[in-house]
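Here the structure comes first, spelled out in structure tokens, and everything after it is commentary.
The values are calculated or read from the model by the stated rules, or taken from the named source; none is laboratory data. Keep in mind the model is a prediction, meaning the values are calculated, not measured. Cβ sites come from the backbone with ideal geometry, for glycine too, and all protein chains shown count toward neighbours.
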């Protein structure tokens, strides 16, 4: 699979075939070298493989304008359980639907996706503003929950939350960093912010104008001069850690007293600190039906929560790992009161085995629903139907694969 990384771009149709093993960085590099006014609405991390990212849905800085990566796939090549290489026409619309958000690993081996490229302006404007609890972060975060999902589709302001040492007291506090991806110039962004979120106190000096791909480097705190090296994997943007992740969907703003409970728990995890990222939806995400692809979390969801904790790659301290995981589970429990319910939502690309696992890859539909419903809601039943049809002997299976109906 490592060698399935070719990228072929068609100028006339503004489409591209991308091999499943190509990284997001390689994909972005190829597109921008071909035409810097074109892009693809996929994720932030340049080192992850294209196929897995897209097959789980795939969100990124363009999600409010163009939806998920899976929303912008127009064809695919897959090897099925019989060893056949199929494209969209030969696999049929049911299987094509399933592998654009239902994960490909339950249905076959994804070889490549054909994607629809989107137009982006020459200028992106970015800012990264950090406020601690001592700098009114709680009220700003509370307000962000109502503001960010209603901003124009060209503007995404994500929220990064982590534990730091207070410069005033030396004690643990929570830092909230507001990070923008705006498809336009700085003056237009300042006007939008003044109209919608003046409390953040954004000024022109906080902003940087970049190209689309330079923004990816900016998101990781790297200088724009590092962009092309990073995209091609010559700079590792993130340290090598083991990590545990959980996710949630928030449908109503978390009250300030709820935020305080979250902060209290975050302050107990100092080194390495716990980390969260909140990604606002709205705009295009509200317009796409829940059943369009298997990813169902559309209208009614304000933002996606990604929670993570990690230990060093070479760590052999089992008790440290257990401590981090226990903390993560406590944090997830605190969120339970404030997030989507019946089912409590989750994002399949942040796979969470705490939801439940298959027994050696085989389990009943009802047992699998325990994790299938959080990931896929009502789309889970259609995924089971597709799985039963295309892989009736359950050849492709893993800890949380789609089961066959018995």
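If I filter region 168-196 down to residues being touching a strand residue (DSSP E or B) at 6+ places or on another chain (Cβ under 8 Å) and assigned to a loop (DSSP other than H, G, I, E, B), which single residue comes out as farthest from residue 302 (Cα to Cα)?
Across region 168-196, the extreme among qualifying residues is 171.
Results for (1) surrounded by 15 or more Cβ atoms within 10 Å (Cβ to Cβ); (2) more than 30 Å from residue 3 (Cβ to Cβ); (3) in the same structural domain as residue 11 (by TED's automatic domain parsing), shown as yes or no for each residue.
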residue	(1), (2), (3)
133	yes, yes, no
148	yes, yes, no
171	no, yes, no
174	yes, yes, no
193	yes, yes, no
199	no, yes, no
203	no, yes, no
215	yes, no, no
221	no, yes, no
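Can you tell me which residue is farthest from residue 241 (Cα to Cα) among those in region 335-345 that are surrounded by fewer than 16 Cβ atoms within 10 Å (Cβ to Cβ) and out of contact with any strand residue (DSSP E or B) (no Cβ under 9 Å at 6 or more places or on another chain)?
Selected residue: 342.
Evaluate region 236-257: report whether one residue or more is without any contact (Cβ under 8 Å) to a residue 12 or more places away in the chain and over 30 Å from residue 373 (Cβ atoms). I'd like the intermediate steps shown before the answer.
Restricting attention to region 236-257, the residues satisfying the condition of being without any contact (Cβ under 8 Å) to a residue 12 or more places away in the chain are 257.
Okay, now just the ones that are also over 30 Å from residue 373 (Cβ atoms), so none.
Checking region 236-257: not a single residue is without any contact (Cβ under 8 Å) to a residue 12 or more places away in the chain and over 30 Å from residue 373 (Cβ atoms).
Please determine whether any residue of region 246-263 is surrounded by fewer than 14 Cβ atoms within 10 Å (Cβ to Cβ), outside the structural domain of residue 27 (by TED's automatic domain parsing) and at positive phi.
no
Counting residues that are free of Cβ contacts under 8 Å to residues at least 60 places away in the same chain and either assigned by TED's automatic domain parsing to the domain that holds residue 304 or over 27 Å from residue 375 (Cα atoms) (or both), which helices (runs of 4 or more DSSP H) fully inside region 1-110 reach at least 3? Explain how you work it out, then say what you get.
On the way: elements: 24-34, 50-55, 63-66, 88-91, 93-98.
In region 1-110, 24-34 are the helices (runs of 4 or more DSSP H) which contain 3 or more residues that are free of Cβ contacts under 8 Å to residues at least 60 places away in the same chain and either assigned by TED's automatic domain parsing to the domain that holds residue 304 or over 27 Å from residue 375 (Cα atoms) (or both).
List every residue pair whose Cβ atoms sit under 7 Å apart, with the two residues 6 or more apart in sequence or on different chains, where the first one lies in region 285-305 and is in the same structural domain as residue 69 (by TED's automatic domain parsing) and over 23 Å from residue 401 (Cα atoms) and the second, anywhere, is surrounded by 16 or more Cβ atoms within 10 Å (Cβ to Cβ) and at pLDDT 95 or above.
none
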